[in-house]
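Quick notes on the structure that follows.
The numbers here are math on the coordinates, done by the rules we state, and not lab data. Quantities reported herein were computed from a predicted structural model and do not represent experimental measurements. Methodologically, a virtual Cβ is constructed for each residue, glycine included, from the backbone with ideal geometry; neighbour enumeration extends over all protein chains shown.
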Amino acid sequence: DAVTLEQRFQSKVDADERIEPKDWMPDAYRQTLIRQISQHAHSEIVGMLPEGNWITRAPSLRRKAVLIAKVQDEGGHGMYLYSAAETLGISRDELIEQLLAGTAKYSSIFNYPTPTWADVGAIGWLVDGAAIMNQIPICRCSYGPYARAMVRICKEESFHQRQGFEIMMTLARGTAEQKRMAQDALNRWWWPSLMMFGPNDATSKHTAQSMRWKIKRFTNDELRQKFIDITVPQAEYLGLKVPDPDLRWDEQTQHYIHGPIDWKEFEDVLKGNGPCNRERLETRRRAHDEGRWVREAALAYAEKQRARDTQ
Ligand code: FAQ
């Protein structure tokens with residue numbers, strides 16, 4: 001009966017065995033994974049836009065080639081993750097419809113603008129840095145297809161983080177104007193990067209259950225703290241100042257203590273009122289419309305092949 005199935009499922013999870021698409025799983029586990037994996041996939045796809053904005057204006061051929069490769073990687077991660085979500089019984093069309101209708105979430109971070117080249121550096125350093133911190137533990141997620149997708153994605157994110165840090169280093173060691181640009185980008189991306197990890201543990205509604213299911217291996221606050229502890233010394237190395245007057249090292253706990261996060265801003269962005277929410281969705285909708293003929297042509301071609309094969 002159902003209780004036994006659920007118990008057997010939980011013992012498998014407890015024993016660190018992987019759950020695969022054809023295995024029995026509680027419906028709530030399936031729905032949680034569809035929610036998280038699809039939000040993750042949408043984030044990768046919308047996440048191409050802030051940096052894509054700089055492809056035509058990258059300051060050198062090398063920077064341009066690297067940036068194109070990075071943005072393409074993010075697109076690939078999105079496709080990979082849509083495939084992982086599809087193993088749970090939802091179609092890619094349905095997921096994309098939800099994104100374009102504005103009913104699906106994607107990461108808050110991609111609703112901020114990229115007015116200068118230093119933003120490309122700050123995104124690689126901070127946003128990809130935060131993404132890795134969050135995603136390395138997902139390589140050990142209980143759901144097989146998600147965990148396996150994350151292995152390659154993390155390797156690529158790690159290269160992205162390094163390219164971002166290298167841009168920041170070049171700017172921080174450049175002219176006074178370049179250093180000012182790097183500092184300004186850090187000022188604007190720091191707090192939104194901390195918000196990427198999600199609400200405080202006290203208000204995170206899914207964490208406890210997702211930890212029991214080993215979809216999440218650490219809480220939002222734990223990962224945020226790890227990110228701060230690793231990133232603050234990197235800012236110091238760059239000679240830049242983290243825009244938090246309350247930030248201090250705590251000898252006793254061996255962690256940095258940070259000032260309050262503006263959760264009102266986070267909620268506003270989630271409600272669709274961040275600086276670029278409308279623009280991002282508008283761009284995705286336009287891309288979807290403009291790609292319609294490609295999808296139609298591919299379908300017509302597949303039809304023709306099928307007709308030929310069955311003759
Ligand atoms: N933005 O109860 P929790 C990337 C929502 S990295 C928007 O704590 P959960 C790489 C949450 O969905 C970015 N919404 O939820 C890249 C839930 O809403 P719901 C993507 C957020 O799931 C780099 C509600 O708040 N990474 O794309 C955010 O246990 C550079 C309550 O929150 C992932 O998605 C937020 N920041 O924990 C690409 C990683 N935070 O669904 C291009 C996988 C929370 O009930 C360039 N995801 N919410 O309506 C996760 O690890 C988790 O889903 C969390 C949230 C940690 C994000």
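Which ones in the stretch 288-311 are polar (S, T, N, Q) and in a helix (DSSP H, G or I)? Answer for the stretch 288-311, where residues must be polar (S, T, N, Q) and in a helix (DSSP H, G or I): just GLN305.
Scan CYS154, CYS139 and give me the residue that is free of Cβ contacts under 8 Å to residues at least 24 places away in the same chain, under 12 Å from the mean Cα position of the chain (by Cα) and within 27 Å of THR219 (Cα to Cα).
On inspection, the qualifying residue turns out to be CYS154.
Candidates are the residues of the stretch 225-243 that are closer than 15 Å to MET133 by Cα and among the hydrophobic types (A, V, I, L, M, F, W, C); the one that is surrounded by the fewest Cβ atoms within 10 Å (Cβ to Cβ) is ILE230.
Only one of the numbered conditions (1) more than 13 Å from the ligand (Cβ to nearest atom); (2) touching a residue at least 12 places away in the same chain (Cβ under 8 Å); (3) of a type in the set (Asp, Glu) is not met by GLU86, and that is (2).
For the stretch 287-298, state whether one or more residues are under 24 Å from LEU100 (Cα atoms), surrounded by 13 or more Cβ atoms within 10 Å (Cβ to Cβ), touching a residue at least 24 places away in the same chain (Cβ under 8 Å) and more than 20 Å from the chain's Cα centre (by Cα).
So in the stretch 287-298, the residues under 24 Å from LEU100 (Cα atoms) come out as 287-298.
Then keep just the ones that are surrounded by 13 or more Cβ atoms within 10 Å (Cβ to Cβ); that gives 287-288.
Those left that are additionally touching a residue at least 24 places away in the same chain (Cβ under 8 Å): 288.
Applying the additional criterion that residues be more than 20 Å from the chain's Cα centre (by Cα) yields 288.
There is at least one residue in the stretch 287-298 that is under 24 Å from LEU100 (Cα atoms), surrounded by 13 or more Cβ atoms within 10 Å (Cβ to Cβ), touching a residue at least 24 places away in the same chain (Cβ under 8 Å) and more than 20 Å from the chain's Cα centre (by Cα).
Scoring LEU247 on the criteria (1) under 22 Å from GLY124 (Cα atoms); (2) surrounded by 14 or more Cβ atoms within 10 Å (Cβ to Cβ) leaves a single failure, condition (1).
When the stretch 159-203 is filtered for residues that are near the ligand (Cβ under 10 Å from one of its atoms) and either under 16 Å from the mean Cα position of the chain (by Cα) or not in a loop (DSSP other than H, G, I, E, B) (or both), the ones remaining, listed by number, are HIS160, GLN161, GLY164, PRO192, SER193, LEU194, MET195, MET196, PHE197, GLY198, PRO199.
Just one of the numbered conditions (1) charged (D, E, K, R); (2) touching a residue at least 60 places away in the same chain (Cβ under 8 Å); (3) within 12 Å of the ligand (Cβ to nearest atom) is not true of LYS226: (3). Of the residues making up the stretch 249-287, those that are under 18 Å from TRP191 (Cα atoms) and in a loop (DSSP other than H, G, I, E, B) are HIS258, GLY259, PRO260, ILE261, ASP262, GLY274, PRO275, CYS276.
Taken over the stretch 209-224, the criterion of being closer than 12 Å to ASN134 by Cα and not in a helix (DSSP H, G or I) is satisfied by ILE215, LYS216, ARG217, PHE218, THR219.
Have a look at GLU177, GLU97, GLU166 and point out the one that is closer than 21 Å to ILE230 by Cα and of a type in the set (Asp, Glu).
Working: GLU177 fails: closer than 21 Å to ILE230 by Cα; GLU97 fails: closer than 21 Å to ILE230 by Cα.
Checking each option against the conditions leaves just GLU166.
Only one entry of ILE109, ILE37, ILE132 meets the criterion of being more than 26 Å from TRP213 (Cα to Cα), near the ligand (Cβ under 10 Å from one of its atoms), under 11 Å from the mean Cα position of the chain (by Cα) and in a helix (DSSP H, G or I), and that entry is ILE109.
Just to be sure, is GLU94 under 28 Å from ASN187 (Cβ atoms), more than 13 Å from the chain's Cα centre (by Cα) and either of a type in the set (Asp, Glu) or away from the ligand (no atom under 13 Å from the Cβ) (or both)? Break it down stepwise before answering.
Values: under 28 Å from ASN187 (Cβ atoms): no; more than 13 Å from the chain's Cα centre (by Cα): yes; either of a type in the set (Asp, Glu) or away from the ligand (no atom under 13 Å from the Cβ) (or both): yes.
Considered against the rule, which asks whether it is under 28 Å from ASN187 (Cβ atoms), more than 13 Å from the chain's Cα centre (by Cα) and either of a type in the set (Asp, Glu) or away from the ligand (no atom under 13 Å from the Cβ) (or both), GLU94 comes out as no.
Remark: pairs (first residue in the stretch 95-106, touching a residue at least 24 places away in the same chain (Cβ under 8 Å) and closer than 11 Å to ALA41 by Cβ; second residue in a helix (DSSP H, G or I) and among the basic types (Lys, Arg); Cβ separation under 8 Å; 6+ apart in sequence or on different chains) = LEU99/ARG284.
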